[in-house]
Amino acid sequence: QQQVKQSPQSLIVQKGGISIINCAYENTAFDYFPWYQQFPGKGPALLIAIRPDVSEKKEGRFTISFNKSAKQFSLHIMDSQPGDSATYFCAAYNNAGNMLTFGGGTRLMVKP
Amino acid sequence: EAEVAQSPRYKITEKSQAVAFWCDPISGHATLYWYRQILGQGPELLVQFQDESVVDDSQLPKDRFSAERLKGVDSTLKIQPAELGDSAMYLCASQDSYSTDTQYFGPGTRLTVL
């Protein structure tokens, strides 16, 4: 059962543009929502995370928007750069069981 | 900055052979996870340890996979016998579960079964 759905599967953005990746979840027990960035041949690295008590969190060019009632959250990458080209995974964490459930991933390509 | 260490980074084996992967978590992290990541998909949990105890191994194919964390520090994941469908990236992650919800991932072991 896929509890976290991510879209799109792939995304091409011009340098300087905005990249937007969306995720939706089903389990209301999730209470922590991280985004991971993964380069080919590497393990996922934490990029930014949010808790459901806030609607937005910004760190540099990366912003998470969170809609608790819709059970949706999204990652916005402002001023996208070629170095941002990677696969991005949203995830949801269930504190009761220390369980992290990943979305299917979005492969982002930023064209120079 | 402390990191999760994994070895080997790459492993090629023939089906029916045994393989083993090693993980050394960030010092002090009591919780350790093994994930399997098939190319183009997100990581899926295989097993979770809290110190030396297994917390969740419901997704571990126990007929061929085993995992241990004898002293509650480093961990080994074994596959015997390996099958073609086991080709994937095997990721280890650790967490200081008493203070944070963040899991830190190692670089992974890329397994190819021929």
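Quick rundown of the values:
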{"quantity": "Whole-Å distance, taken between Cα centres, linking region A:26-55 and region B:37-104", "calculated": "19 Å"}
{"quantity": "Cross-link table A:Lys5/B:Lys15; A:Lys5/A:Lys111; A:Lys5/B:Lys11; B:Lys15/B:Lys78; B:Lys15/B:Lys71; A:Lys15/A:Lys71, entries beyond 23 Å C-alpha to C-alpha", "calculated": "A:Lys5/B:Lys15; A:Lys5/A:Lys111; A:Lys5/B:Lys11; B:Lys15/B:Lys71; A:Lys15/A:Lys71"}
{"quantity": "Added length on full extension, which subtracts the Cα-Cα distance from 0.36 nm per residue, B:Ser27 to B:Ser58", "calculated": "8.5 nm"}
{"quantity": "Max mean-square fluctuation residue, GNM over chain B, Cα-Cα springs under 10 Å, options B:Phe21, B:Phe49, B:Phe65", "calculated": "B:Phe65"}
{"quantity": "GNM flexibility winner over chain B from B:Val55, B:Val73, B:Val47 (Cα, springs under 10 Å)", "calculated": "B:Val55"}
{"quantity": "Choice from B:Ala82, B:Ala18, B:Ala93 showing the highest fluctuation, given a GNM over chain B with Cα pairs closer than 10 Å", "calculated": "B:Ala18"}
{"quantity": "Cleavage-rule hits, trypsin sites (Lys or Arg not before Pro), region B:27-91, DSSP coil, Cβ neighbours within 10 Å at most 13", "calculated": "B:Lys62, B:Lys71"}
{"quantity": "Amide H partners (placed H, <5 Å) of A:Ile48, local residues excluded", "calculated": "A:Trp35"}
{"quantity": "Relative contact order computed over chain A (Cα-Cα under 8 Å; 6+ residues apart), in percent", "calculated": "37 percent"}
{"quantity": "Computed E for B:Lys15/A:Val54 - FRET, C-beta separation, R0 41 angstrom, nearest 0.05", "calculated": "0.25"}
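Every number here is computed from the coordinates shown, using simple stated rules; none is lab data. Quick caveat: nothing in here was measured; it's all calculated off a predicted structure. Cβ atoms come from the backbone with ideal geometry, glycine included; neighbour counts cover every protein chain shown.
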